[in-house]
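The values are calculated or read from the model by the stated rules, or taken from the named source; none is laboratory data. Please read all numbers here as calculations on a predicted model, not as lab measurements. Positions of Cβ are backbone-derived with ideal geometry, glycine not excepted, and every protein chain shown enters the neighbour counts. We work out accessible area using only protein heavy atoms, side chains counted, and drop any ligands, DNA or RNA first. Shrake-Rupley method; radii C 1.70, N 1.55, O 1.52, S 1.80 Å.
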Amino acid sequence: MNDGFLLSVQGLKKHFLLKRTKLFGPRERVYAVDGVSFEIRKGETLGLVGESGCGKSTLGRTILHLIEPTAGRIHFEGKDITRLTTAELKPLRAQMQIIFQDPYSSLNPRLTVEHIVGDAVKTHGLAGGNEVPDRVAAMLDKVGIHREKMRCFPHEFSGGQRQRIGIARALILQPKLIICDEPVSALDVSIQAQVINLLGDLKKEFQLSYILIAHDLSVVNHVSNRIAVMYLGKIIELTTNKKLLTKPLHPYTQALMSAVPVLDPDKKKKRIILKGDVPSPVNPPSGCRFHPRCFKAMEVCSRVEPLWAEVEPEHFAMCHLYGACQPH
Ligand code: SF4
């Protein structure tokens, strides 16, 4: 493993066992995350995109140990953190934070902002006594919430303000990595840009690394250095946002990109409409998981899983159009 990376994920899997539908029958398995590998450099933002149900939120939660991995390895700052005890996890929790999608349900309605943001500081022993309100006030200033409102409750704020409070709660622990799980998808379009710009400003100020999970490519593209595209539990393409925008390789990415609106009428793209829905992760298709919907599918695609290959420098894809095959 390269120690220069802040986070390295190798062959990560998260499978969920379903309840038996028949007495003594086998238990089916949901292949939510199924062999994912990538790295994040210090100060980098990695966008993670894909349709709902592709496993991107499960991947984020597994990295943070909010759910335990089934297989694979996670290294943080060169240290293997795949299997940790509760005591070993505690300092790590301050280093790796999450901002949730729903700013309404992610804040405890019975607590004031002072408690919501300040309690983590006390729990992690970063400050105590009178120092806590001062720290909370300073952090609220940073995210654009008036410090006089720190004794207010969540219902007294708008959706955008609540998301700012969620950001303050994550940032006050001075983390190195923040996983932003659809941070703006529950907000009005007019507020989305403000929150995304705030995340960008805070990244520069605190030298943060982000994993930005979203289904909207235009949101991810705005702030990411590289983008990973997920489909049915696997990353199927990974490259810089510039390369993904100008030359997407994987047919699934090409379809996603064709749906991103362009302002210039001369550059209008032909929309690629994918047939069918995302198949169930309980019983993923054989070979390439995308083959039932792929407009470039070949005979080999349903039989043989494509290899992950570096097609061009810093541009990886998992598709028979570009790489060697591996027997399924
Ligand atoms: Fe399409 Fe085949 Fe490539 Fe899969 S491997 S994306 S089915 S061309």
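Output the residues belonging to region 271-289 that are out of contact with any Cys (no Cβ under 8 Å at 6 or more places or on another chain), at pLDDT 90 or above and within 12 Å of the ligand (Cβ to nearest atom).
Correct list: Pro285, Ser286, Arg289.
Let's see how each residue does on (1) within 21 Å of Val219 (Cα to Cα); (2) exposed (fewer than 14 other Cβ atoms within 10 Å of the Cβ); (3) β-branched (Val, Ile, Thr):
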| residue | (1), (2), (3) |
| --- | --- |
| Gly55 | yes, no, no |
| Ile63 | no, no, yes |
| Asp80 | no, yes, no |
| Lys90 | no, yes, no |
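Can you name every one of the helices (runs of 4 or more DSSP H) wholly within region 40-155 that holds 1 or more residues which are over 30 Å from Leu244 (Cβ atoms), of a type outside the set (D, E, K, R) and at pLDDT 90 or above? Before the answer, list the steps.
Working: elements: 56-63, 86-95, 113-123, 131-143.
Output list reads 86-95, 113-123, 131-143.
Specify the residue that is modelled with the lowest pLDDT; the eligible residues are those in region 318-328 that are open to solvent by less than 40 Å² (accessible area, probe 1.4 Å) and more than 7 Å from the ligand (Cβ to nearest atom).
Looking only at region 318-328, we keep the residues that are open to solvent by less than 40 Å² (accessible area, probe 1.4 Å), and these are 318-320, 323.
Next cut, more than 7 Å from the ligand (Cβ to nearest atom) only: 318, 323.
Numbers: Met318: 97, Gly323: 71.
Across region 318-328, the extreme among qualifying residues is Gly323.
Within region 219-258, which residues are more than 16 Å from the ligand (Cβ to nearest atom) and farther than 26 Å from Leu64 by Cβ?
Lys242, Lys243, Leu245, Thr246, listed by residue number.
If you go through region 214-230 one residue at a time, how many are at pLDDT 85 or above and acidic (Asp, Glu)?
Summing the residues that are at pLDDT 85 or above and acidic (Asp, Glu) in region 214-230 gives 0.
Which members of region 290-317 meet the condition of being closer than 19 Å to Leu256 by Cβ, within 11 Å of the ligand (Cβ to nearest atom) and open to solvent by less than 30 Å² (accessible area, probe 1.4 Å)?
Correct list: Phe290, Arg293, Cys294, Cys301, Pro306, Ala317.
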